[in-house]
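For reference, the structure discussed in these notes is given below.
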Amino acid sequence: MKIEHVFFDLDHTLWDFEKNSALTFEKIFLENKIDLKIEDFLKVYVPLNLQYWKLYRNEKVSKEALRYERLKKSFDAVNYNVSDALIDTLATAYIDNLSNFNHLFEGTLELLDYLKEKKYSLHIITNGFEEVQNKKMINSKLYPYFEQIITSESVGVKKPDARVFEHALEVSKANKENSIMIGDSLEADIHGALKVGLSAIHCVFDATTPVDKNINVVTSLLEIKQYL
C-alpha cells in the first residue's frame, strides 16, 4: 500500500534537543550563579542523560528520579558541590525554560511543507514529558503541521512498547501498511515501529550512532524526500 501517514519522533529528529538543552543550561546556570564551564558540564551530562532516558523508557527509573539524578551525577562527575535544594531548583528551571529555545534541525520546515503538499497526514510520537513537548511544538511553530501528537505519558507506556504505536495508529485512523515511522532512536523509534508492522526511516545525524544495515538511513532530513 502507498504510504499515507508519517509518524515523526520529536527530540533529536526534528527539534534539536542538544542545542536547545545547552542554551537552557547556559541560562539557568547564569541565573543561579553556577560557576562552571558549560562545556565541562555537558561533556558528562549528555551521555548520562541518554542513559537515564533509556532507564526511563524501560521503567527502571521514575520521571522524578530522572530529573534529579541526571543532574546530581553530572555535578558529582565534575566535582562541583551543589545542594539537593539547588538541584531541585535547577531541575524545575530546566523544564520551565527548555521550550523557550526552539532550534530545529536543518531542513525541518522545508521537509514538512513538502510532505503536506504531497497530502501526507503527519503525526508525532514522543516519549518526552507531555507538558514540555506541547510547548516545544507550539513555540517552534511545528504544531500546525501535525494532526495527532501522541505522548508516552498520555498512553501510559513508552516507545518501543507496541501499545504506543498501536494507539497512534488507532487515533490517527491509520493502517500499519500505509504508515511509516521516522526517528533517531534505533531501539525506541525504529525497532519499535518495525515490530508493529510499520515501515521506518532512521535519522542518523551523529556518526557515532549505531545503525542497522537492513533499515533505510538518512543523514539529513531532506534525504527523506527520496523515500516519500
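The values are calculated or read from the model by the stated rules, or taken from the named source; none is laboratory data. Please read all numbers here as calculations on a predicted model, not as lab measurements. Methodologically, a virtual Cβ is constructed for each residue, glycine included, from the backbone with ideal geometry; neighbour enumeration extends over all protein chains shown. Areas reflect the complete protein model, heavy atoms only, side chains present, ligands, DNA and RNA absent. Shrake-Rupley method; radii C 1.70, N 1.55, O 1.52, S 1.80 Å.
Matching residues to (1) in contact with a His (Cβ under 6 Å, 6 or more places away or on another chain); (2) open to solvent by less than 70 Å² (accessible area, probe 1.4 Å); (3) at pLDDT 95 or above:
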| site | (1), (2), (3) |
| --- | --- |
| Val44 | no, yes, yes |
| Asp76 | no, no, yes |
| Asp84 | no, no, yes |
| Asp88 | no, no, yes |
| Ile95 | no, yes, no |
| His103 | no, no, yes |
| Thr126 | no, yes, yes |
| Lys141 | no, no, yes |
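Using beta carbons and a limit of 7 Å, which pairs, at least six apart or on different chains, have the first residue in the range 93-109 and in contact (Cβ under 8 Å) with a residue 60 or more places away in the chain and under 13 Å from Leu14 (Cα atoms) and the second one outside any loop (DSSP other than H, G, I, E, B) and open to solvent by 70 Å² or more (accessible area, probe 1.4 Å)?
Note: pairs meeting the criteria are His103/Lys19.
With the structure loaded, tell me whether Asp161 is surrounded by fewer than 20 Cβ atoms within 10 Å (Cβ to Cβ) and on the phi < 0 side of the Ramachandran plot or whether it fails that test.
no
Among the listed residues Val132, Val155, identify the single one that is within 21 Å of Tyr52 (Cα to Cα) and open to solvent by 20 Å² or more (accessible area, probe 1.4 Å).
On inspection, the qualifying residue turns out to be Val155.
If a residue has to be in contact with an Asp or Glu (Cβ under 9 Å, 6 or more places away or on another chain) and within 23 Å of Lys19 (Cβ to Cβ) to count, how many in the range 54-66 make the cut?
Summing the residues that are in contact with an Asp or Glu (Cβ under 9 Å, 6 or more places away or on another chain) and within 23 Å of Lys19 (Cβ to Cβ) in the range 54-66 gives 2.
Just to be sure before I move on: is Glu69 open to solvent by 80 Å² or more (accessible area, probe 1.4 Å), more than 30 Å from His5 (Cβ to Cβ) and of a type in the set (Asp, Glu) in the structure I sent?
So Glu69 fails the test.
If you scan the range 105-124, which residues turn out to be among the polar types (S, T, N, Q) and touching a His at 6+ places or on another chain (Cβ under 9 Å)?
Within the range 105-124, Ser121 is the sole residue that qualifies.
Here is a yes/no grid of residues against (1) among the hydrophobic types (A, V, I, L, M, F, W, C); (2) more than 16 Å from the chain's Cα centre (by Cα):
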position: Asn127; (1), (2): no, no
position: Lys135; (1), (2): no, no
position: Tyr145; (1), (2): no, yes
position: Val171; (1), (2): yes, yes
position: Leu194; (1), (2): yes, yes
position: Ser199; (1), (2): no, yes
position: Ile215; (1), (2): yes, yes
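Give the range 185-214 a look and list any residue that's loosely packed, with under 15 Cβ neighbours inside 10 Å and either of a type in the set (D, E, K, R) or at pLDDT 95 or above (or both), or say none.
Glu187, Lys195, Gly197, Asp206, Asp212, Lys213
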